[in-house]
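Scroll down for the structure; my scribbles are underneath it.
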Amino acid sequence: MGDTIFALASARGKAGVAVFRISGPLAHEAVGRLCSLPAPRRAGLRLLVWQGDVLDEALVLRFDAGASFTGEASAELQVHGSLAVVKAVARVLGEMPGLRMAEAGEFTRRALENGRLDLAQVEGLADLIDAETEAQRRQAMRVLSGAIGRRAEGWRKALIRAGALVEATIDFADEDVPVDVTPEVLGLIDVLRAELQREIAGTGAAERVRDGFEVAILGAPNVGKSTLLNALAGREAAITSEIAGTTRDVIEVRMDLAGLAVTVLDTAGLRETEDRVEQIGVARAMERAQAAELRVFLLSHPGEVLMLTPQPGDIVVLGKADLHLDEPHAISGLTGRGIDALIARIADRLSEMAASAGAMTRERHRVAMLRAFEALESARSQLERPGGATELVAADLRQAMLALDLLVGRLDVENLLDEIFASFCIGK
């Protein structure tokens, strides 16, 4: 019999409502010592009484084993969110024999162990908790709903079929197999390879949606980069002055553009300099800009050549629009001219990148799919080779299946779990 755990599932601090979650074999018994239990999966308003003292009036919910988030017998107490009430309820639950405070992510870990969630869904839940933008919310909900598990299960069924056909040729090696299974196995492998390739290609964009895109503002000193950053941020995020080289380090501002999480980088002005500190700033600017998903080049005059060359898809605009009244892509962070159009261009570029995002959102997913793809490549090579070893094809197909099982946690992934659950709060 496992431990019964409890924790505050809502945010700490004064609030209208605070939620305590209790899960484990003694969950119903513990709540029953405070009040009468409502019917399963029903809510009831109850007075919580402990040793003759009324703690609070709470909304009490009861879930039987198999019908709760964790898969265990569970209950929730929705109490008034004052600090005193929360402290009193936590103290009483802690005094009950057999109950203990939950560890970080322990409720979700139990949901995984009891088959209520797969490993990818756990990661989706973590992403949903951390979501800041609409795109992050939608992507996290897609993963949490089981999209990765469904995709992996479809691939797994195809691998089982291919493996069964290959194994049949091994089992009946000394007999005449009535049908050549190679064309069907190759067909299944080719479909799987194509789907894996698409998903592998989309993991980079999906990671950027989850973690956020980086957009670097580049230009010569005193061209207006910091003023532009402040205009985009809607606040004084960077110091501006008429002195060239004011910005020495990379300044980062996080914002939401078209539902996407974006970090805009204000970098040191690009120029040759003898100032050692400014040289470090320019080197950092070049490094961060090259790693960014998008660069905005702010020029002082048409045709200006900077130390870094724009790449296809980068945005080039003229700064200080009051000096370039006839230029359609001139902007001014000071007056606001062209800022809305620039924001729209940035959002369009990033939305194009985000559109290629697949269901897989993490490097772990990409590595697992890459291993499966490589195993399929090896199997295909063996099948096409005259006299290829059927046993090796079967082994490759099994390796591909093991790699896909890693996606949803069917294999022993204990070494991953501590890292994953460390990002969860205590009540989750």
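Which of the peptides 317-323, 62-68, 128-134, 20-26 is most tightly packed, and how do the rest follow, judged by the mean count of other Cβ atoms within 10 Å per residue? It would help to have the intermediate numbers written out before the result.
Working: 317-323: 19.3, 62-68: 17.7, 128-134: 14.6, 20-26: 23.0.
With the highest mean Cβ count within 10 Å placed first, the list reads 20-26, 317-323, 62-68, 128-134.
Please list the helices of the chain that count as membrane-span-like by this rule: a mean Kyte-Doolittle hydropathy of at least 0.5 together with Cα atoms stretching 20 Å or more along the helix axis, each helix being a complete DSSP H run.
Passing helices, by number: 339-354, 390-408.
Just for the chain, what percent of DSSP beta bridges are antiparallel, to the closest 5?
Looking only at bridges with both residues in the chain, the antiparallel portion is about 65 percent.
Which order do the peptides 346-358, 290-302 come out in when sorted by mean C-beta neighbours inside 10 angstrom, highest first?
290-302, 346-358
Scan (i) 1.71; (ii) 1.05; (iii) 1.32 for the value of Cα Rg over 2.2 N^0.38 Å calculated from this model and give just the label.
Computing Cα Rg over 2.2 N^0.38 Å and matching it to (i) 1.71; (ii) 1.05; (iii) 1.32 gives (iii).
What residues have an amide H closer than 5 Å to that of Leu55, excluding those fewer than 5 places away on the same chain, when H is modeled at 1.01 Å from N in the peptide plane?
Leu48, Val49, Trp50
About the Cα centre of the chain, what is the dipole size in debye to 20, counting +1 per Lys and Arg Cβ and -1 per Asp and Glu Cβ, all else neutral?
1520 debye
So if we plug the beta-carbon distance of Arg33 and Glu113 into 1/(1 + (r/R0)^6) with R0 = 30 Å, what FRET efficiency do we get, rounded to 0.05?
It comes to 0.65.
What value, in deg cm²/dmol to 500, does the helix sum -39500 (n - 2.57) over DSSP H runs of n ≥ 4 give at 222 nm once divided by the residues of the chain?
-15000 deg cm²/dmol
Any read-out appearing in this document is the output of simple, stated calculations on the displayed coordinates, not a laboratory observation. All values derive from a computational prediction rather than experimental measurement. Note: ideal-geometry Cβ built from the backbone for every residue, glycine included; neighbour counts use all protein chains shown.
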